[in-house]
Amino acid sequence: MPVNPELLGRAFAPTPPYLVGREKVREFARAVFATDPQHTDVSAAAALGYADVVAPPTFAMVIQDLTMQQLLAEPDSGIVLERAIHAEQRFRYSRPIVAGDELVARLRVTGVRAIGKGAMVTSEADVTDADGAHVVTTTSVLLIGGEE
Amino acid sequence: MSDVLEIGQVVAERDVHLTRESLVRYAGASGDFNPIHYRDDVAARVGLPGVLAHGMLTMGLSIETLVPWLEDSGRITEYGVRFTRPVVVHPEDGADVRVVATVGALDDESARIDLTVTHADTTVLGKAQVRIRLV
């Protein structure tokens with residue numbers, strides 16, 4: 001089944017709230033070779049005006065992944081993970097993610113472009129906090145190869 | 001962060017040595033357990049030149065080169081990359097990634113920092129650009 005062009009414009013239900021844990025932020029920071037103390041030391045984060053440790057900028061991917069699972073679970077998507085290549089990624093931030101945040105993401109498919117037997121699928125997820133305020137929008141471009 | 005910036009100025013740079021352990025650590029931290037990032041047999045079966053670093057690991061470590069200079073990562077308003085070439089991580093020798101952050105564009109309130117990210121003398125991220133707030 002090729003990628004379904006009718007995915008374009010599809011919007012998904014909000015993901016279940018994700019509570020950002022302090023140790024999770026520290027674990028992620030270590031994994032991306034983040035050396036700055038704002039990511040691991042509460043007092044260093046407080047000196048910058050944050051309530052708790054500050055997640056590295058690409059931590060938003062952890063939340064985006066919850067939305068990608070929604071997209072992949074669509075029975076009519078035609079998107080096969082084994083043939084997917086992550087082509088582009090973008091983040092637009094209102095503020096950094098901080099430990100203690102409870103985040104919800106809403107995904108929509110903003111682009112489906114046929115390329116040969118495959119397709120380029122662009123999706124955007126708006127991530128908001130418990131007050132409903134915007135935190136970050138993630139944009140992901142997947143290149144889906146056609147069947148052999 | 002210095003007050004006077006010039007286009008072309010290098011504001012941060014570093015070398016990161018990736019090993020297979022780095023990939024397993026990133027898999028655990030991110031939840032991306034695609035086996036092409038830790039199993040040679042799977043990488044070979046799908047026709048890859050070897051086990052590859054997660055693109056998001058390369059993207060993540062690249063911007064973290066910039067954060068100590070920025071001081072407050074809340075200055076970052078936008079970050080985008082294209083994944084142009086994979087980073088193959090050798091089982092014994094690992095892989096060395098070099099990141100150089102250069103001022104690419106400037107106005108009164110913001111700057112664009114361009115990240116040049118290379119492995120084995122080849123650029124691995126395309127259009128790796130960070131938009132930051134200056135005020």
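Descriptive notes on the structure:
- Residue-averaged beta-carbon neighbours from other chains (10 angstrom radius) around B:27-34: 5
- Angle of helix A:60-72 to the longest C-alpha principal axis of chain A, folded into 0 to 90 degrees and rounded to 10: 30°.
- Spread of Cα-to-Cα distances over 10 Å intervals beginning at zero, given as percent, for the protein assembly as shown: 7, 28, 36, 24, 6, 0
- For region B:1-60, the Rg and Dmax computed from alpha carbons only, in angstrom: 16.4, 52
- Counting protein heavy atoms only, region B:1-95 has 49 percent of its accessible area on carbon and sulfur, 1.4 angstrom probe.
- Cα gyration tensor shape for region B:11-134, rounded if a/c is under 1.5, else prolate or oblate: prolate
- Computed from backbone phi with θ = phi - 60° and the Karplus coefficients 6.51, -1.76 and 1.60, the 3J(HN,Hα) list for region B:107-123 is 9, 5, 10, 8, 9, 10, 9, 9, 9, 9, 10, 10, 9, 6, 6, 10, 6 Hz; x is used for glycine and proline.
- For chain B, the 222 nm mean residue ellipticity estimated from helices alone, with every DSSP H stretch of n ≥ 4 adding -39500 (n - 2.57) and the total spread over all residues, rounds to -6000 deg cm²/dmol.
- Degrees separating the helix B:20-30 axis from the principal Cα axis of chain B, which is the longest one: 70 degrees
- Binned Cα-Cα distance frequencies in region A:27-148 - 10 Å width, integer %: 13, 38, 29, 16, 5, 0
- Amide proton proximity set for residue A:10, modelled H, under 5 Å, gap of 5+: A:109
- For chain A, built as a Gaussian network whose Cα springs stay under 10 Å, the top-fluctuating residue of A:55, A:133, A:125: A:133
- Within the listed set A:86, A:134, A:39, the residue fluctuating most in the Gaussian network model of chain A (springs between alpha-carbon atoms under 10 angstrom) is A:86.
- Averaged over B:14-26, number of beta-carbon atoms from partner chains that fall within 10 Å: 2
- Buried between A and B is an accessible area of approximately 2600 Å², summed over both sides with a 1.4 Å probe.
- Using a Gaussian network model of chain A in which every pair of alpha carbons under 10 angstrom is joined by a spring, one finds that among A:82, A:27, A:74 the greatest mean-square fluctuation is at A:82.
- Per-residue Karplus couplings for region A:44-53, computed as 6.51 cos²θ - 1.76 cosθ + 1.60 with θ equal to phi - 60°, are listed in order as 5, 5, 5, 4, 8, x, 9, 6, 7, 4 Hz, Gly and Pro entered as x.
- Axis angle, to the nearest 10 degrees, between helix B:55-64 and the longest C-alpha principal axis of chain B: 30 degrees.
- Accessible area (Å², per residue) of the protein assembly as shown, counting only protein heavy atoms and a probe of 1.4 Å: 46 Å²
The values are calculated or read from the model by the stated rules, or taken from the named source; none is laboratory data. Here the structure is a predicted model, which is why all the values come from computation and not from measurement. Here Cβ is always computed from backbone atoms with ideal geometry, including for glycine, and neighbour counts include all displayed protein chains. What goes into the accessible areas is simple: the full protein's heavy atoms, side chains included, and nothing from ligands, DNA or RNA. Shrake-Rupley method; radii C 1.70, N 1.55, O 1.52, S 1.80 Å.
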